[in-house]
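Computed from the coordinates by the stated procedures, all read-outs in this text should not be read as laboratory data. This is a predicted model, so every value here is computed, not measured. Backbone-built Cβ (ideal geometry, glycine too); neighbour counts: all protein chains shown.
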There are 2 protein chains.
Amino acid sequence: MSERNRTLPRVGMVGGGQLSRMTHQAGIGLGVHFSVLAADPSDSAALVCGDVALGDDRGLEDVLAFAEDRDVVTFDHEHVPEHVLSAVESAGGLLRPGREALGFAQDKLRMRTRMGELEAPCPRWRAVTTLDHVTSFAEETGWPIVLKAAREGYDGKGVWMAGSAEEARRVVDRAAAEDVPLMVEEKVAFSRELAVQVARSPHGQVAVYPVVETVQRDGICHEVIAPAPGLSEDKATGAQQLAVEIAHALGVTGLLAVELFETPDGVLVNELAMRPHNSGHWSIEGAHTSQFEQHLRAVLDLPLGSPRTNAPFTVMANLLGGEDPDVYSRYLHVMAKDPEVKVHFYGKDVRPGRKIGHITVMGEDHRDLLERARDAAAYLRGDQQ
Amino acid sequence: MSERNRTLPRVGMVGGGQLSRMTHQAGIGLGVHFSVLAADPSDSAALVCGDVALGDDRGLEDVLAFAEDRDVVTFDHEHVPEHVLSAVESAGGLLRPGREALGFAQDKLRMRTRMGELEAPCPRWRAVTTLDHVTSFAEETGWPIVLKAAREGYDGKGVWMAGSAEEARRVVDRAAAEDVPLMVEEKVAFSRELAVQVARSPHGQVAVYPVVETVQRDGICHEVIAPAPGLSEDKATGAQQLAVEIAHALGVTGLLAVELFETPDGVLVNELAMRPHNSGHWSIEGAHTSQFEQHLRAVLDLPLGSPRTNAPFTVMANLLGGEDPDVYSRYLHVMAKDPEVKVHFYGKDVRPGRKIGHITVMGEDHRDLLERARDAAAYLRGDQQ
């Protein structure tokens, strides 16, 4: 084994999606040995990574074998089953985040219970198994309410709004039939959605990014403005402190994204993710240390980098596929029209509604940036001709 | 073949060094299909690239085969022999830069002759085959003079300073014995060295970067300050225009680096390189579009990105290997000491004097930045304990 291999750590990421792809990109600069466990050679990360293990990124045998050759294993999604995580840890594998921390990102009931213990502000919620539970909850909060599958939900999947007992019944019946644990939450009258990302290393060092505004559409993060315009310093600091406290209390290693509702009475914790997150893609250009580099530094217990921003505002817009798969010819026009717009492609086949990339613009006027990012995304999607 | 493959271009880079590695990193964001022709799986780019062809990156058969499957072929060095380039072009391969343009970067005599035709300011020079030629040249310019191998020189290799006829004799004799075409140049009394990078696309679009100051040591680019401190706007614009004229006149596609001597009477052209260049590494963080992304955009005839800077100054210092191969433990200290310093590792085994990475720092005070970059490089090399 060469000197190189003896001295720089080997990190493996489970999952071959775009988060893995962009983490690999950051790892090239860091000089670490990055590898990915991907289901298919055409996976976003597998297309560009120099060290790809093919296998089931949720399966016991494949994840175990993958962990064996790596100093540290981390994840681009939360869907590795708990018994697989346990097996890897029992075999001496170093998971970051670890099984216990990940449990709070995998299971919304466990997360809500823990948030309650920490007295972190949350929407009112309840675990439910019958329609009666739901309707009695709704009597307290009013309709509509939000029903959530406690496990396996992401990107708006496993979340249903119900405006009446009739609407709730369909969800409750299906969840019972499929044995999915269910919970109900009040529909928060939020003024906007925010997110905070914090990196935490095993040493306990933390680096926290500015609070960002996120615009969701159809349950998918659509646009991000960093930092959140017009947020007072007090509120921003408060939200950052909340994220840091959660990271410490849950023993997170790596990136933690805390999605928040902003209300007139303060913020409420909506969701947690323990990995690089769509709300942090702006940081590739917009911050001194991108979330992807920071995640690697954190899981490898390297000193963290500065999360300082590079511009007054950075705006990110997701790029969704449209009807026409030929994005390339439109790509040329977007590049020609605005030489400062950054388009990131994930190497994915174009399908309507699929996240195939994102767009970043930096500058001083967030309204102008948002307009330019939206323009580029709409044009690439094929909405504007 | 998927929609994706039909629409995004395939670009191959000949050579598996750090320039290829960092070009691959930039290509991930662009979404292009990047592949590399590398001699060895442990080559800097081969370690991280998802599509690696192994072969002789100067050999006829391997370069031909590599070009066959790519829309565009580009280079991370100038050492592919002219007959190989010709064969690829004859077979319909698209080389960018093309064989003819590359000839001016491969052959210093051809370059100097062409610069003369363009009336670009150059040091006095002459092609020489005998010691008499050298001494008669030195009678005009005075000793010392600089002897250069017209071909295959890079990074200070193939360049010899001679202070006397006796010293020149050794070089002339060896060049004659090895059949190396030789030239002589005056030793320019420069105040400092500068460099300009310009990207040119087949369409003829150009994007020019700020003029930078380069500090050479032992014939190797050691440090870069972008932009060059204290350079008047007139001089800077003049140097940029010179670089653009050269790019157009030589029909360059991709990046062109023009290395310059600054003298009290103006600038003189020292060397040309037609690829991403050490003098442009600062642009990864320091410019809106890095030289690596820009090179890909240019060779693919995509609209070019903005070369605007992200900070008043960006300083780059090369990281050379020292006696102790264990850079990793020192890496931690550098990261901890200065969370804003960016270290880029090339994945190479540590050997004394070998370029194993570089360091970038951005900010307002170039003296402070230079000190921090030097500190980090010296510490990583093992000079400071």
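Excluding A:S20 itself, calculate the net charge of residues whose Cβ lies under 9 Å from the Cβ of A:S20, where each Lys or Arg counts +1 and each Asp or Glu counts -1.
-1
For a protection proxy built on the mean count of beta-carbon atoms within 10 angstrom, sort B:44-57, A:64-77 highest first, please.
Ranking the peptides B:44-57, A:64-77 by packing returns B:44-57, A:64-77.
Per residue of A:26-37, count partner chain C-beta atoms within 10 Å of its C-beta, then hand back the mean as an integer.
Counting Cβ atoms of other protein chains within 10 Å of each residue's Cβ and averaging gives 5.
If you count, for every residue in A:344-357, the Cβ atoms of partner chains within 10 Å of its Cβ, what is the mean?
Averaged over the peptide's residues, the number is 3.
Check which residues have an amide H placed less than 5 Å from B:A287's amide H, if you skip close sequence neighbours.
Excluding prolines and chain starts, which carry no amide H, the hits are B:N310.
Given axes a ≥ b ≥ c from the Cα gyration tensor, I'd like to know whether the range B:1-85 is rounded (a/c under 1.5), prolate (a/b larger than b/c) or oblate.
Because a/c hits 1.5 or more and a/b fails to exceed b/c, the range B:1-85 counts as oblate.
Label-point separation (nm) for A:Q241 and B:E117, each offset 7 Å from Cα along Cα-to-Cβ?
7.2
Residues with beta-carbon under 10 Å from that of A:L194, excluding A:L194: net charge, scoring Lys, Arg +1 and Asp, Glu -1?
-2
Can you work out the base-10 log of I(q)/I(0) for the protein assembly as shown at q = 0.05, 0.09, 0.10 1/Å, using the Debye formula on its C-alpha atoms alone?
For the protein assembly as shown, the Cα-only Debye profile gives -0.28, -0.85, -1.02.
Please identify, among B:H33, B:H222, B:H83, the residue showing maximal mean-square fluctuation in a Gaussian network model of chain B using a 10 angstrom Cα cutoff.
The residue that fluctuates most here is B:H83.
Write down Rg/Rh for the range A:192-381, rounded to two decimals, with Rg from the C-alpha atoms and Rh from the Kirkwood relation over Cα pairs.
0.98
Quick one: what are the phi-derived ³J(HN,Hα) couplings along the range B:190-202, Karplus 6.51/-1.76/1.60 with θ = phi - 60°, whole Hz, x for glycine and proline?
Per-residue couplings from phi come out as 7, 7, 6, 9, 10, 8, 10, 10, 9, 9, 9, 9, x Hz.
Looking only at other chains, what is the average number of their beta-carbon atoms within 10 angstrom of each beta-carbon in B:112-120?
Mean inter-chain Cβ contacts per residue within 10 Å come to 0.
Sorting A:Y209, B:Y379 on the 10 Å Cβ count, fewest up front, what's the list?
Exposure proxy ranking, most exposed first: B:Y379, A:Y209.
Calculate how many DSSP beta bridges within chain A are antiparallel, expressed in % of all such bridges and rounded to the nearest 5.
Bridges in chain A are about 80 percent antiparallel.
What does the C-alpha gyration tensor say about the overall shape of chain A? Classify as rounded when a/c is under 1.5, otherwise prolate if a/b is larger than b/c, or oblate.
rounded
Hydropathy at least -1.0 by Kyte-Doolittle, axial extent at least 24 angstrom from the Cα trace: which helices of chain B, defined as entire DSSP H runs, fit?
Length and hydropathy pass: B:233-250.
Simple spin-label model, 7 Å along Cα-to-Cβ: A:V215 to A:E89 in nm?
4.1
Where does chain B land at 222 nm, in deg cm²/dmol rounded to the nearest 500, when only DSSP H runs of n ≥ 4 count, each adding -39500 (n - 2.57), divided by all residues?
It lands at -10500 deg cm²/dmol.
Test of understanding: in a Gaussian network model of chain A with alpha carbons linked when under 10 Å, which of A:V224, A:V327, A:V208 would top the mean-square fluctuation ranking?
A:V327
Put a label point 7 Å from Cα along the Cβ direction on B:A65, then list its distances to the equivalent points in the other copies in nm, shortest first.
Ordered by distance, the counterparts are at 2.9 nm.
Suppose each label sits 7 Å from its Cα in the direction of the beta carbon; what would the B:A189-A:R174 distance come out to in nanometres?
8.5
Please find, in a Gaussian network model of chain A (springs between Cα atoms separated by less than 10 Å), the residue of A:A199, A:A105, A:A336 whose mean-square fluctuation is greatest.
A:A336
Only Cα pairs under 8 Å and at least 6 apart count here; give the relative contact order of chain B as a rounded whole percent.
13
Under the convention of a label 7 Å out along Cα→Cβ, give the distances in nm from A:G230 to the same position in every other copy, shortest first.
4.9
Considering only DSSP beta bridges whose two residues both sit in the protein assembly as shown, what percent are antiparallel, to the nearest 5?
If we restrict to bridges inside the protein assembly as shown, about 80 percent are antiparallel.
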